[in-house]
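In what follows, a single structure is set out as structure tokens and then discussed.
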Amino acid sequence: MREFFNQFFDFGTARPYLGSLAKGFWVTIQIAFLAEAICLALGLVLAVMRRFRVEPNRPLAARVGARLVRALAITYINVFRGVPALLVLLAMFASFPFLPIPVVQDLTEYQIGFIGLGVVYAAYVAEVYRAGIDSVDRGQTEAARSLGMSGGQAMRLIVLPQAVRRVLPPLMNDFIALSKDVALVSVISVNDVVFEARAAQAQTFNATSLTIAGLFYLGFTLPLTWVLDWLITREERRTTRGIITP
Amino acid sequence: MSALRAEGLVKRYGQNTVLCGVDLVVESGQVVCVIGPSGSGKSTLLRCLNLLERPDEGRVFLGDDEITAPRAPVDAMRQRMGMVFQSFNLFPLKTALGNVMLAPVKVRGMPRQASREKALDLLARVGLADKADEHPARLSGGQQQRVAIARALAMDPDVMLFDEVTSALDPELVKDVLGVMRELAQGGMTMVVVTHEMGFAREVGDHLVFMDEGAIVEQGDPRDVLGAPRQERTQRFLSKVL
């Protein structure tokens, strides 16, 4: 029993590694936020592409173009939702140094880590945005168009602000999932908290460093979960009428 | 020259033909009311006029310009046709003032200050000067609908289209909205009004169109059509609603 306990909670043994674990978690946080920034921006572009339409009186080329734009977005979303993030990271890590593309071949593991995760999560986030766009009443677009706004203006000024507001909770949910998947970058030798914890464990044959990594994670994800719950209750309060609240 | 003219409008949804060759002429300054049972195609007709629905056949002219022409500048032409909806469709994240100012600023590039003054004028005109900073959720249906009218008027349209604008309102709120529309009509606005308000059609309308099953069955002076309908279908409909 004691050995069992010591394997996970021997903080004396793990103490010397606390500094490197903290540094590792700082890397984890950085990658989480950088990847999130990429997937929020790219996801929005993909969602709008997936809903891209031109007026039926436009020339054939424009209509075919719009269809291609939609097909491109759908392909991207389906591919990156359908393959493991780890595989994408490994493929980028293994191939980029050998590609004759100036910027790409010089990317560090760290950069590949957040770009890879951002690129994968953009597919999920795009679908969240799309659900938000679809949830906005058609009448909003019709009112905007009846005032003379172009389709793009109606999307940007009227639909997207409402859509994004509505999908904040699921976006937050995806951010929590993303932050946990940052652990994958340890496999492409980025020294995140998991990488550091494994290194410490390999030296001490004691898993307490992994426990500490887990605690670091909980210290980050639990507050996010609380924010998420708060967002959801706020949304409920806003959309449910009447005096009876659960 | 007519302000708005539709020729031979046909609209189908799959096997279902909702408009089967409708012609409509609206003279400048005229108030044309369109009545008919639900499903008769009157809302579809209205929505075909500013191409919210694209007719499968037929042409629509706004003044001299054909909005159904292959390369017609539809967005620019819609600016000349205000539309008010049954379900208001105000922009929920903007205040009443923000709703009215938005299109002049973003579509027409009007300076904010000028647009603000104009929007406040329009809100005063629809009796809502004191509600300028309220969001739609805090306004009654009648107030929301009057904001929607002000929003459409802010683009200085040549024609206003009203799509059953009082159907979603509580009876006591209907009067305020109809009052605003009556003043607009008296001010010389060209209007096409799809409505169930027979009193409004009789008193304010210059021309009445009765539609059934996607076609115009009877039209003429509102007092004649409502008082002495000639078609059997018109008589049957009016006996039910009057």
Point to revise | Subset of the stretch B:186-219 (residues that are open to solvent by 20 Å² or more (accessible area, probe 1.4 Å) and within 21 Å of residue B:62 (Cβ to Cβ)) | key: B:187, B:188, B:189, B:206, B:207, B:216, B:219
Exercise for review: Determine if the stretch A:210-231 includes at least one residue that is open to solvent by 40 Å² or more (accessible area, probe 1.4 Å) and in contact with a Phe, Trp or Tyr (Cβ under 6 Å, 6 or more places away or on another chain).
Suggested key: yes
Exercise for review: Tell me which residues, restricted to the stretch A:135-194, are at the interface with chain B (Cβ under 9 Å from one of its Cβ atoms) and in contact (Cβ under 8 Å) with a residue 60 or more places away in the chain.
Suggested key: A:151
Review point. So, in the stretch A:130-157, of the ones that are polar (S, T, N, Q) and outside any loop (DSSP other than H, G, I, E, B), which residue ends up surrounded by the fewest Cβ atoms within 10 Å (Cβ to Cβ)?
Key: A:135
Study note, to complete from the structure: Only one of A:34, A:72, A:87, A:44 is in a helix (DSSP H, G or I), open to solvent by 80 Å² or more (accessible area, probe 1.4 Å) and closer than 24 Å to residue A:184 by Cβ, namely A:87
Check your understanding: Within the stretch B:92-102, can one find any residue that is without any contact (Cβ under 8 Å) to a residue 12 or more places away in the chain and more than 12 Å from every other protein chain (Cβ to nearest Cβ)?
Key -> no
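The values are calculated or read from the model by the stated rules, or taken from the named source; none is laboratory data. Note that the structure is a prediction, hence the values are computed from the model and not measured. No Cβ is skipped: glycine too gets one built from the backbone with ideal geometry, and neighbour counts run over all protein chains shown. When the accessible area is computed, the model is the full protein with side chains, heavy atoms only, and any ligands, DNA or RNA have been set aside. Shrake-Rupley method; radii C 1.70, N 1.55, O 1.52, S 1.80 Å.
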